[in-house]
Amino acid sequence: MATAERRASVALSVVIPAYNEANRLPPYLESVAAYLTRRGITHEILVIDDGSNDDTVQVVKQCAAAHPSVRLIRLPRNTGKGAAVRTGMQAARGTLRLFTDADGATPIQELERLEVAIMNGADLAIGSRPLASRDARYTVKARPHRALMGSLFSRIVRWLGIRDICDTQCGFKLFRDTAAAALFSVCRIDGYGFDLELVYIAQRRGYRIVEVPINWADQPGSKVQVVRDGFRMLREMLAVRCNERRGLYADCRT
């Protein structure tokens, strides 16, 4: 009982994976901390340093000195975004748990849109750029070749078994604590394909997943190489299918 109470001691956990983000992370981290403080909700901000070799650790420590809610977790070596998010989610104590990218492509204020979906019964709320691009109320700024490759990628992903999800890869996802604990306890993919694994398992466990249109803007300095990493993610999706056949997601329901 004491462990459960301790893990639910804040209303919201924000998990931010970071690898060599000394330049892009500080303004976003400051905006996240200031926004949550203004809202007056109990929270923690977990920055997971994925073996950075720049000044990421130093800038996070500087922010933590000004904002006690910020906590740094360091991985000993660069393992991958999936491993970093998984580490943060398993360390999180929030009743709701968000992971968001360090580049600030999604303004933290978009959290409120995802919260509405959770309040209305979703177990997992996913920010969706394709849905936003169809609605004049939202702004999505993406380079044309990335948007084109993203559309092709989504079609292949649907063919591989993830149905009715437009944007599996958006780095802005909100979980109920129970869903986060269950999903991240069985996830195995360390690379960018971890999003695919998450959604695939969540669908097979019968979780309610809601996509939410959000404002989003592509940021300079992206570490994702569209073609190279796209193929890697598809290979990881095939690995997910193999893992399921091997019974590694034993709790999955068909």
What length, rounded to one decimal in nm, is gained on full extension from residue 250 through to residue 141, with 0.36 nm per residue of separation minus their alpha-carbon distance? 35.3 nm
Provide 238, 46 in ascending order of the number of other Cβ atoms located within 10 Å of each residue's Cβ, fewest first. 238, 46
What's the FRET efficiency of residue 186 with residue 134 using the Cβ-Cβ distance as r and R₀ = 45 Å, to the nearest 0.05? 0.85
Footprinting proxy, 10, 157, 116, 199: sorted fewest to most Cβ within 10 Å, the residues are 116, 10, 157, 199
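Let's test the formula: R0 of 22 Å, r as the Cβ-Cβ distance of residue 54 and residue 74. What FRET efficiency results, to the nearest 0.05?
Details: r = 13 Å, r/R0 = 0.61.
Here the calculated transfer efficiency is 0.95.
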Sorted by Cβ density within 10 Å, fewest first, the residues 55, 167: 55, 167
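FYI, it's all coordinate maths here, none of it is from the lab. The shown structure was predicted, so the numbers you read here are calculated from the model rather than taken from an experiment. Cβ coordinates were reconstructed from backbone atoms using ideal geometry, including for glycine residues, and neighbour counts include every protein chain displayed.
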